[in-house]
Structure formats: structure tokens, C-alpha cells
């Protein structure tokens, strides 16, 4: 009996996938070579003979699976010895089509997707989306809900900066502060669990207000947290602000001027660390930020150390804002009283036929802004300007949705910062930018 020969066949479409990545990597390396064409030629020696380029140059991949890349970020660097001569960033490994998904969801159904963008501060993402929709549909939000949103946003800013501080120091070799910072994040998660019903992906904001009210017990927990961590942050400053190892690791590293920062689109603490005093909470106030007193931290050095100082000072300012919110939190409704613009409360749904019908109708269609209108609204997230652009076609879901992600814009400055530094500075530079790839890749 004749046996048919075994043929190794690729699975359907596998060749296409391999050829795509082959073309993709060739494009990356072409970008790597483009700036310094002389790298393609061997450098002449004293006798006029060309030298072997491989003796001096190396192309190295950092990531996308590397603990110091803060997610699936790929850094392709060309080294001359141990100095970075050229860097090209390769992103998109976490792309989920999050903007396109919005077109198939009602405005409220899309809320959990915002939690998964900058998953270190989901509350800010929720609020940014709600504000954009409320601007699109001309929805007024009760004052109590606005103050509650501010408390949640500033707690999320503290949580995000604590992770940045702990992970950044661990990348530089200091493990203790990492454990202390995560202890603080755990206490913030407990607070979110009390008034949002979830610790991490909270989805607490609702179009027209918030999902649930904040209780006196939760307010007490927030007050105790502020009292404790104002002292703790000052202790961190005493430990790090004059620590010679930490300063030498960051001072003069990744310097970027104010002009270059604006040109590259940096935002948030990275922009303010280069001397540009821009904070959306102050210059385009939303919620009740124009009614509270706080300072915008500013540094002009533009290096990693300046960005460290900015974020640590911002944590103290967030505590100041939260305290003012607690003092000025008014009584009243937490959601707009309009059956066409907001979900009913659970008490209405459980105990009245009208509430149940209202909930059913709102779930199927949701808020319906007028046809042809558009809006853009941005908030000051821990990473910088986080904005949503929306277009309406008169139905219960957006015709188009676009995300202005601060992690994406801040990464544009990283290539510029890395060049001219030793390869050992890569982890410090990535940490100082503080990117989250779930937001950058959208």
C-alpha cells in the first residue's frame, strides 16, 4: 500500500499573518535607519579601510513582553556601544477597536469600556465619557453628583500616581516604596468598594449623574484617608527628595524643553514638568473645579526628576481638593430627574410600574441627542488631557466616537527623550512618561 507523503501546510491565513509581521518589522527597521544614514556604511579607520559595523552597533528590542515597558510597548533601539543612537516605538499590540465599538453600543452601555482604557484611574475615564455625552445631549447634572464625581476623580488621581511612584522606584531598584504605595492603593480600592460597589473597574458615573449616593460611612473613610496620607506623602518626600541615589538616577535624564514638549504634544505632568502651566481643571474648568482652591505644580527642568516632583506635589493638591469637596458637598439628588435622559433609581424600578417601564425603555434606546450635533469634552486625567469627540445621528448610539488619549500623545516624546542616553536609562524614561497601553492602543 502506497502511503501519501505528508505535506506541511500552514493554517488558512497563516502565511498572510507571517507576511504581515515581516512587512511590519521591515517598516520599523527602515524607520530606525532613516535618521542616521551613515549607520548603513562602515565607518572608515585611519588606513581608509571600512570597519565592521557590527563591532560597534546593535539593534535591540525592549518589549513588548518586558516588565519595565508598563504594558505591551515595543522599543526598537539602535545602540552605539551602550548609548542609544536611535529609538523607534512600536505600539498597537493591545488594540481592541474601542472607538469603533462605541457605534454599536448605547451611550450608557459603553461605560464599562471606558474602565478598560486607563485602567489605573477608571473613574476619570467614566467622567470624561459622561461629560462628553451630557454636552452632546444638553443634560444638566445635579450639584451633589458633580461633587461626588470630583471626589472619585481625585481619589483615582492619587491611586494612579501611587502606582506610578511605586513601580518607578521598583524599576530603579527600590522595593520598599513599591509596597508602601500599594498599601495606599488598597485603601483607595476599599473606599471605591463602599460607594461604587466595585474596587477596580468602577463604572460608577451615569449619564445625568452617578449610580449611587455616597454614604456618611464612606465620607468618614475618605476623611481618614486624607488625614493619614497627607502625612505619608510628606514622609515619601523626606525619603526621596534628597536621596542621592534617586536624584542621580533621574536628574538630567530625558530633558525636553517647553517648545519641544508642545511640538510633540506632551500633556499632563509631562508637559508641566517642562514649564508649561496648563491644567484643564484650571483653564477649562468642568464639574466644580472653578469653585475649589488648588495650585498647579510646575517645574522648568524638563527631566525625569522634574516629572517626579510634579506628580508627588499633585498628590498633595488632590488631597486638598478632596477636603474641600467634603466640606461643600450639598444635599439633594444624585441624578437628573428626566425620564428621557437618565436611568431611574433602583427604588423606582423595584416598586413602581412606571419605573420599570422607564428602565426597560432607557436600556433599549438610551439617551438620544439631536441628529447632526457633535461635541468634544476633555478632563485632566492623571496622564493629561483625556477627551472624547462624539457625533450623533439621532439614535441611541453615537454615529462616531474618537478618543484623545494622553498616553498615546505622551509616547510621541519618548523617542526624542531616549536618544543620546545609555540603555540602562530606558526603564527610568518609560516610567517617567507613565504610559498605559490600554489607553494608547485604544
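If R0 is taken as 25 Å, the Cβ-Cβ distance between residue 227 and residue 331 corresponds to a FRET efficiency of 0.55. If contacts are Cα pairs under 8 angstrom and at least 6 residues apart, what is the relative contact order of the chain in percent? This gives 23 percent for the chain.
Exposure proxy shown here: for 325, 153, the number of other Cβ atoms within 10 Å sets the order, fewest to most, as 325, 153.
With a cut-off of 19 Å, note down the residues of the stretch 246-268 whose backbone N falls inside the zone around a label point 7 Å from the Cα of residue 416 toward its beta carbon. The answer is 252-268, whose backbone nitrogens lie closer than 19 Å to the label point. Which of rounded, prolate, oblate describes the stretch 257-404, given a ≥ b ≥ c as roots of the alpha-carbon gyration tensor eigenvalues and a/c under 1.5 marking rounded, otherwise prolate only if a/b is larger than b/c? It is oblate, given that a/c is not under 1.5 and a/b is not larger than b/c. For the pair residue 200 and residue 364, label points projected 7 Å from Cα toward Cβ lie 3.6 nm apart.
Can you put 222, 127 in order of Cβ neighbours within 10 angstrom, beginning with the fewest?
Working: 222 22, 127 26.
Taking fewest neighbouring Cβ atoms as first place, the list is 222, 127.
Normalised by the number of residues in the stretch 362-423, the mean separation of alpha-carbon contacts (under 8 Å, six or more apart) gives a relative contact order of 27 percent.
Where a ≥ b ≥ c are the square roots of the eigenvalues of the C-alpha gyration tensor, would you call the stretch 77-131 rounded, which needs a/c under 1.5, or, failing that, prolate if a/b is larger than b/c, or oblate? The shape class here is prolate.
Roughly how many Å is it from the Cα centre of the stretch 250-276 to that of the stretch 84-157, as a whole number? Taking the Cα centre of the stretch 84-157 as reference, the centre of the stretch 250-276 is 24 Å away. Reported to the nearest whole Å, the Cα centre-to-centre distance from the stretch 301-340 to the stretch 364-412 is 22. When 180, 246 are sorted by how many other C-beta atoms sit within 10 angstrom of their C-beta, beginning with the fewest, the order is 180, 246.
Does the chain come out rounded, prolate or oblate, given a ≥ b ≥ c as the square roots of the eigenvalues of its C-alpha gyration tensor, rounded meaning a/c under 1.5 and, failing that, prolate meaning a/b above b/c? Oblate, because a/c is 1.5 or more while a/b does not exceed b/c.
If the segment from residue 262 to residue 26 were pulled out straight at 0.36 nm per residue, it would be longer than the present Cα-Cα gap by 81.9 nm.
Please tell me the relative contact order of the stretch 295-442 in percent, rounded to the nearest whole number, where contacts are Cα pairs under 8 Å and at least six residues apart.
On the way: 157 pairs, mean separation 21.8, N = 148.
Dividing the mean separation by the residue count of the stretch 295-442 yields 15 percent.
Given only helices, namely DSSP H runs of n ≥ 4 each adding -39500 (n - 2.57), what is the per-residue ellipticity at 222 nm of the chain, to the nearest 500 deg cm²/dmol? Working shown, then result.
On the way: 17 runs with 211 residues, N = 442.
So the calculated ellipticity at 222 nm is -15000 deg cm²/dmol.
Since every read-out is calculated from the coordinates, none of them should be taken as a lab result. These figures come from a predicted structure and were not determined experimentally. Note that each Cβ is placed from the backbone with ideal geometry, even for glycine, and that neighbours are counted across all protein chains shown.
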